[in-house]
Structure formats: C-alpha cells, structure tokens
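Worksheet: the structure to be examined is printed underneath.
The values are calculated or read from the model by the stated rules, or taken from the named source; none is laboratory data. Bear in mind the structure is a predicted one, so any value in this text is a computation, not a measurement. Cβ sites come from the backbone with ideal geometry, for glycine too, and all protein chains shown count toward neighbours. Side chains included, ligands, DNA and RNA excluded: accessible areas come from the protein's heavy atoms. Shrake-Rupley method; radii C 1.70, N 1.55, O 1.52, S 1.80 Å.
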Amino acid sequence: MITVKITGGLGNQMFCYAYAKAIQSRGFNVRIDLSLYESYNLHGGYQLDYFFSDLETCIVKNNLINKIFSFFKLKSNIIREEKHGFDAKYLNIDDNNYVVGYFQSEKYFMNIREILLKQFKPNFQISSYAKTLHEKILNEENSCSVHIRRGDYLNIKNQKVYKSLTSKYYINAVTWIEKKHKNIKYFIFSDDIDWVKSNLEFKNATYIENSNKRKPHEDILLMSICNHNIIANSTFSWWGAWLNSNDNKIVLSPKDWFNDVNLELLSRGLNCSNWKLI
C-alpha cells in the first residue's frame, strides 16, 4: 500500500490526487491521507469528495506513521518531494511508502488523462447560475475564460512568494489571442470581480458574479468548456485549462509565477509545453 498525503486548496489537492492515481495505474494499491484537513480550513478545506474520486481515504497522524509501518513489520519510508517540477523517480517508488509533495507537472499523470477527465467533474447537481453559464458558453462560437486571482495573493506573507499579476499581463494576453481569433466572448472569473470591473476593460465579456453562491468545482467546469483559457499563476485556473478538451485550444499563462527566486526556478515545469507564456 502506498499512501499519498493530500495538501493545500482545491487546485493543489487535484495535483496530489492525480499523482496518486498515476501511481495506482502502475499496479499499486494506493490510498490518500486527509489528515491535514482535520485542522486546515483555508480555501474550503478538503474538496475532492465533490468530484468522482474513487481512491481509498484515510487519516494518518504523522506521529503514528512509523508505528503503523512497524506494526505491519514493513520498512518505514516517508518520501518527500525535494523540489517542484517533474522528477521521474517519484513514479518509480517501492511499495509501503508514505509520499508527501505537490507534484505539479502534467508529466506525472498525462498517461491517465482520460481517467482524470472523467473523475474531475462535479458529482453534484450544479447551481442554476452555473447551468445558465454552461449553456451560454457552449452556445458561443469562440469563448475564452480569464482568471484573475487577488485575495490571499495580496497579503504581505504571500506577496513575498507569489507574483501579483498586473493589468499588463491580461492586456498582453488578450492582444495576443485576438491576433489569432476574432469575436471572442470572454468569461471573467475572479475572487475580486469588483476590482476587475474597475481596473480591467474587456470587450464582449461576461463577469462571473461571486454573489451567486456555488462550489469552486463549478468554476473549474465552466473554464474547462471554454474554447480557450487565460489563466492566472494559480493551480485553480491551471486545472480549468488542463481539463479543457478542445483540440485547438489556446492556453495563455504567466511566464513567471513566483517572486521567490528559488521557487521560480524550481517551478518552470509547471506550465505545459503547448501553452503560450506571456
């Protein structure tokens, strides 16, 4: 049995889960550890249960891990991801390991893409507001999602880590995509939609209003059915773009995600090879 720890908000949880499914596809029994969410409530806590996830779940206390392995007379191994980006050694681990990391590269799970496309869909009836938007997006000849993340990225601690994207990034992204396609309908997603309306001007845009209550899974679904995607430096919109099944999609992503120089160097593999970096 291999145990993979789930960590972070929804986007990071999806990376951990996708990695765990990739390990399962290599013939191992795999379960996911949800112990973090006994005390971690940021970004809505644990949220994979609103997808069609099917891995066994468990709660493993860190101070009990060695005892558990000892009880079953197994070799106690805790494997921690040493850096961001893809490293093939994490796909070639032995059984009876406890694995901790973010695994933020499609290279870990590209071979099970079809499985993840089926599993990362809401397993609940989406809100009437999301249904209306879903129909509207599908009826557009040329649609593009735009994700602007502000919120927690603006606090002092996170400003040292993450880049806060300026309006210049979005202007450049829109300019680039409109050289390829005309008459694009933009669907704007943000945790600060009022700021977006005041500071960014999008022609032919629908603003996704946060006053209409829904689960974040619905926004990922809506992003994924747009023809194209302009994402933020956020794993949330990363997944909206990755789950987009349009063979001719254009995904525009920020070239730099982090202010932290070391993190930026280590995360260069996060963007997919066929995405345009702005």
- What share of the DSSP beta bridges in the chain is antiparallel, in percent to the nearest 5? 5 percent
- Message: Among Tyr129, Tyr108, Tyr17, which one shows the highest mean-square fluctuation when the chain is modelled as a Gaussian network with alpha-carbon springs under 10 Å?
- Response: Tyr129
- Task: Along Cα→Cβ, 7 Å out, is where each label goes; now give me the distance between the ones at Lys107 and Arg150 in nm to one decimal.
- Result: 3.7 nm
- According to the square roots a ≥ b ≥ c of the eigenvalues of the Cα gyration tensor, what is the shape class of region 174-215, taking rounded for a/c under 1.5, prolate for a/b larger than b/c otherwise, and oblate for the remainder? prolate
- If the cut-off is a Cα-Cα distance under 14 Å, which aspartates and glutamates reach Lys121, setting aside same-chain residues fewer than 8 apart in sequence? Asp49, Asp54, Glu218, Asp219
- From a point 7 Å beyond the Cα of Phe28 in the direction of its Cβ, which residues of region 96-126 have a backbone N at a distance under 13 Å? 96-101
- Rounded, prolate or oblate (a/c below 1.5 giving rounded, otherwise prolate when a/b exceeds b/c) for the chain by Cα gyration tensor: prolate
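Once the other residues with Cβ under 15 Å from the Cβ of Asn142 are scored (Lys, Arg +1; Asp, Glu -1), what is the net sum?
+3
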- Message: Under a crude label model (7 Å from the Cα following the beta-carbon direction), how far is Cys272 from Cys58 in nanometres?
- Response: 3.3 nm
- Could you tell me the accessible area of Asp260 in Å² (1.4 Å probe, neighbours in place), rounded to the nearest ten? 60 Å²
- Task: Using a/c under 1.5 as the rounded threshold, could you call region 206-278 rounded, prolate or oblate? The axes a ≥ b ≥ c are square roots of the C-alpha gyration tensor eigenvalues, and prolate needs a/b larger than b/c, oblate otherwise.
- Result: oblate
- Exceeding the 29 Å Cα-Cα cut-off - candidates Lys21/Lys185; Lys131/Lys168; Lys89/Lys215; Lys118/Lys215; Lys5/Lys136; Lys118/Lys276: Lys21/Lys185; Lys131/Lys168; Lys89/Lys215; Lys5/Lys136
- Around Thr206, which amide H atoms from residues at least 5 apart in sequence, or from another chain, sit under 5 Å from its own amide H, with H modelled in the peptide plane? Tyr186, Phe187, Ile188
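If I stretch the segment between Asn139 and Ser164 completely, what's the gain in nm (0.36 nm per residue apart, minus their alpha carbon distance), one decimal? Working shown, then result.
Values: separation 25, 0.36 × 25 = 9.00 nm, distance 3.28 nm.
5.7 nm is the gain from fully extending Asn139 to Ser164.
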- Message: Amide H of Gly101 versus every other amide H placed in the peptide plane: which residues, excluding those fewer than 5 positions away on the same chain, fall under 5 Å?
- Response: Lys5, Glu81
- Between Tyr129 and Val261, what is the label-to-label distance in nm when each label sits 7 Å out along the Cα-to-Cβ direction? 4.3 nm
